[in-house]
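The values are calculated or read from the model by the stated rules, or taken from the named source; none is laboratory data. Just so you know, these numbers come straight off a predicted model, no measurement behind them. Every residue, glycine among them, receives a Cβ derived from its backbone with ideal geometry; neighbour counts consider all protein chains shown. Accessible surface areas use protein heavy atoms only, side chains included; no ligands, DNA or RNA. Shrake-Rupley method; radii C 1.70, N 1.55, O 1.52, S 1.80 Å.
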Amino acid sequence: MARTYEHPGEQAVADPIRLLAIRDTALSVDEVFGAVGDDSAGGTALFVGTVRDHDGGADVAALGYSAHPTAEAELRRVAEKVAADFPVRALAAVHRVGELAIGDLAVVVAVSCPHRAEAFEACRRLIDDLKREVPIWKHQKYADGTEDWVGAC
């Protein structure tokens, strides 16, 4: 069943959620950006999260992400809330799981809205809520041989 979303002063939009996934394969910025193209959008904001080589003053050697079986459903819930709260024309979010190397893409999200300010705000809410509410955990391995779990919901 196709959903429609209405915002005050805006025309109803068919389901703006174009791409949601949790994958164990490499992510593509081009795929996510392409998914949110919309002729009625004047602004598109995109965020790319990459694996960095340090955290909290320690050198990171590698990391892995794990997801709870409900993670995709929670990702959809977060995306639907963003689409309901902003005049979103198109939205996409993809998170990686499995072992990642320094520099790999861990998460890519994008939002298109009629105006740039809305797109920036909606994109920030999308990534912040994804990180806070979707049950995906990071197992970080440090250069000194220690390791820990980071960001568990």
What number of residues within region 78-109 are open to solvent by 60 Å² or more (accessible area, probe 1.4 Å) and either farther than 18 Å from Trp137 by Cα or part of a loop (DSSP other than H, G, I, E, B) (or both)?
3
It is to be established whether one or more residues within region 82-96 are under 23 Å from Thr50 (Cβ atoms) and basic (Lys, Arg).
yes
Test: residue in region 102-111 that is touching a Gly at 6+ places or on another chain (Cβ under 8 Å), of a type in the set (Val, Ile, Thr), modelled with pLDDT of 95 or more and at negative phi:
yes
Can Gly42 be described as over 22 Å from Ser28 (Cα atoms) and free of Cβ contacts under 8 Å to residues at least 24 places away in the same chain?
no
So Ala83 fits all but one of (1) without any contact (Cβ under 8 Å) to a residue 24 or more places away in the chain; (2) closer than 13 Å to Pro16 by Cβ; (3) small (Gly, Ala, Ser); what number is the exception?
(1)
Would you check which residues across region 61-77 are part of a strand (DSSP E or B) and open to solvent by less than 10 Å² (accessible area, probe 1.4 Å) and list them?
Leu63, Gly64
Would you confirm whether any residue within region 21-29 is part of a helix (DSSP H, G or I) and either modelled with pLDDT of 95 or more or of a type in the set (Asp, Glu) (or both)?
yes
Can you find, within region 24-42, the residue that is nearest to Gly151 (Cα to Cα) among those that are surrounded by 17 or more Cβ atoms within 10 Å (Cβ to Cβ) and β-branched (Val, Ile, Thr)?
Val32
Can you run down the residue pairs with Cβ atoms below 8 Å, 6 or more apart or on separate chains, where the first is in region 14-31 and over 13 Å from His95 (Cβ atoms) and touching a residue at least 40 places away in the same chain (Cβ under 8 Å) and the partner is of a type outside the set (Gly, Ala, Ser) and assigned to a helix (DSSP H, G or I)?
Ile17/Arg76; Ile17/Glu80
Of all residues being outside any strand (DSSP E or B) and touching a residue at least 40 places away in the same chain (Cβ under 8 Å) in region 130-145, which is surrounded by the most Cβ atoms within 10 Å (Cβ to Cβ)? Just the residue, please.
Val134
With criteria (1) touching a Phe, Trp or Tyr at 6+ places or on another chain (Cβ under 8 Å); (2) hydroxyl-bearing (Ser, Thr, Tyr); (3) farther than 21 Å from Ala21 by Cα, Ser66 comes up short on (3)
All but one of (1) open to solvent by 10 Å² or more (accessible area, probe 1.4 Å); (2) of a type in the set (A, V, I, L, M); (3) farther than 16 Å from Gly151 by Cα hold for Ile127; state the number of the condition that does not hold.
(3)
Considering each of Ala58, Ala45, Ala21 in turn, give the residue that is more than 22 Å from Arg124 (Cα to Cα), open to solvent by less than 50 Å² (accessible area, probe 1.4 Å) and touching a strand residue (DSSP E or B) at 6+ places or on another chain (Cβ under 8 Å).
Ala58
